[in-house]
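Below: the structure, in C-alpha cells.
The values are calculated or read from the model by the stated rules, or taken from the named source; none is laboratory data. It should be emphasised that the depicted structure is a prediction, and the values quoted were computed from it without experimental measurement. Cβ: placed from backbone, ideal geometry, glycine included. Neighbour counts: every protein chain shown. All accessible areas refer to the heavy atoms of the entire protein, side chains included, with ligands and DNA or RNA removed. Shrake-Rupley method; radii C 1.70, N 1.55, O 1.52, S 1.80 Å.
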Amino acid sequence: MGINIITTMGTSLLSNVNRANRFEFGKDLTQIPHHVISEFMKQKRKEKREYEISAEINSTLQIIEKLRREKKTSKNNSFYFE
Amino acid sequence: MSETPETRKELLYFKQFFGEFGIQVKETIIYGLKYTENQFKLSGLRSLVTQLTEIIDHYKNTSTEVVMNVTGGFKAETAYATVLAQLRRVRVFYIYETFNEIVELPYLPLSLDVDYWNHYEYAFELFDKGVTNEKKESFLCRLPHGFRYLIFLDPLEAKWFLNPAGETFYLSYLSEKEVYLQTIDQKKVFKKNRETTLWDKTRNVHINTLTDIPDAKVKSVLRRVLKFSFVKKIELVDYHRVGSGRGETYLKFKRKVSNQPSHYVQYQIHCVDGVQNINILVERGFCDELVFMLGKKVYP
C-alpha cells in the first residue's frame, strides 16, 4: 500500500537558516547563499536533529513514521510532496 | 507549493533531503498563490482547490492512501486545504512548533447533502463558466440563500464566478455524486433461498426484491442505502425476531466484516413487525465509508 502525503509548503527552511545565522540575511530569504543552506542541513543531519531543519520536514517525517507504525508498510511506499 | 521565490528555492533542498530517504518528491505549483492580494484571492485559492481535488481524485479507488499535511504555507492556503480534505474524508495532519509532535485533526461532521444539491447542479455549472451581472439576480432568486456566499464578481471579466469556497463545494459535490448516487435497482434487496424473513412470518410475504417489502418506512431507509454506488446488495439474513419492535422504525449498526472475500456491514432493522438482520454488501474497503455516511442508527 502506498502513501501520498500532500504537504503545503511555507518558508520554514529559509527562516530557520536565517535564524540560525542571527538574521544576517534580513527579510529577503531568497538571498541566502546555497552553501549556507547546505551547511545548515548538513549540520542538523550530523547532529541527528533533522526535525529542526524545517516544519515541513519535521511533520512529513513524523507522518511517515506514524503511518508506518499504523500500517506496518515500511516497504513499497511512495510519497507525494507538494 | 505557492508561486513564490522562497518555495521555489526550498524545493531543491527538499527533493535532495527526501531523496536520500528514498522518498519520491513531486511538486505542484499553485499559480496565483503569491504575495499579490488580488491574484491570491481570485485565482490562487481557486487553483489550489482544483489542484488538490485532482490529486485526491487521482488516487481515489486505488490502494494508495492520501493524507494532507497542512503545516506550512499561507494561512488561507492551509485553511482551504483542511476544509477540502475534511469534505473528502482525507486525514489531515498538522504540527505546531511548540507541540513538536504531529497532531491529526479530528474529522468535523462535514458532508454534502448530495441529493439536495443535485437539484442545483446547473447553477454550479453556470457560475463555474461565469454569469453576467444582469443575469445573476434572476439565477440567485431561484437558488438557496447561501449560494450567494459561493460566488464573486471578477472585475476584469465583469462576470460572477464561483469563489474558492464555491469551487471547493462544487468539486466536492461532483466527486461525492459519483460515489454516492446511483439508480436504484430493486433486485439488490433479496433473501437467500430457503431462508425465512420477518415478513414471511408476520405477513406471509416473500421478499425477492425491494418492492416486496411491505413496510413503507423500512423500504424508504433501504432505498437510501441503495443510493450509494458502493453498495452492491442488501441480503436479508435468517436472523429475525417477531413482535419485539417498539413501533419505531430504524436501522441499528451491528458489526462490519472486512476480513472475508465479501465486505459487508450488518445492520438490524427495527420496525413494527419486529427485528430483521441485514447484511449490506459493499465494494471492498467501503465498510467504514458506509458507517460514516449512514451513522450507527438510521431513521427513515
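Of the helices (runs of 4 or more DSSP H) lying entirely inside segment B:184-300, those containing at least 1 residues that are under 19 Å from residue B:114 (Cβ atoms) and modelled with pLDDT of 85 or more span B:216-227, B:287-294.
The number of residues in segment B:26-40 being on the phi > 0 side of the Ramachandran plot and either within 12 Å of another protein chain (Cβ to nearest Cβ) or among the polar types (S, T, N, Q) (or both) comes to 0.
Conditions tested, residue by residue: (1) more than 15 Å from residue B:13 (Cα to Cα); (2) within 10 Å of another protein chain (Cβ to nearest Cβ); (3) modelled with pLDDT of 95 or more.
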{"residue": "A:4", "(1), (2), (3)": "yes, yes, no"}
{"residue": "A:10", "(1), (2), (3)": "no, yes, no"}
{"residue": "A:17", "(1), (2), (3)": "no, yes, yes"}
{"residue": "A:28", "(1), (2), (3)": "yes, yes, no"}
{"residue": "A:36", "(1), (2), (3)": "no, no, yes"}
{"residue": "A:51", "(1), (2), (3)": "no, yes, no"}
{"residue": "A:78", "(1), (2), (3)": "yes, yes, no"}
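The condition (being at pLDDT 90 or above, within 27 Å of the chain's Cα centre (by Cα) and at the interface with chain A (Cβ under 8 Å from one of its Cβ atoms)) is satisfied by just one residue among B:13, B:94, B:80: B:94. Residue B:109 satisfies every condition listed in (1) out of contact with any Phe, Trp or Tyr (no Cβ under 6 Å at 6 or more places or on another chain); (2) crowded, with 17+ Cβ neighbours inside 10 Å except (2).
If you go through segment B:121-144 one residue at a time, do you hit one that is of a type in the set (Phe, Trp, Tyr), open to solvent by 40 Å² or more (accessible area, probe 1.4 Å), at negative phi and not assigned by TED's automatic domain parsing to the domain that holds residue B:168? Scanning segment B:121-144, I find no residue that is of a type in the set (Phe, Trp, Tyr), open to solvent by 40 Å² or more (accessible area, probe 1.4 Å), at negative phi and not assigned by TED's automatic domain parsing to the domain that holds residue B:168, so the answer is no.
Does residue B:75 satisfy the criteria of being touching a residue at least 24 places away in the same chain (Cβ under 8 Å) and either β-branched (Val, Ile, Thr) or open to solvent by 50 Å² or more (accessible area, probe 1.4 Å) (or both)? So residue B:75 fails the test. Within segment B:166-204, the set of residues being open to solvent by less than 40 Å² (accessible area, probe 1.4 Å) and without any contact (Cβ under 8 Å) to a residue 24 or more places away in the chain comprises B:200 only.
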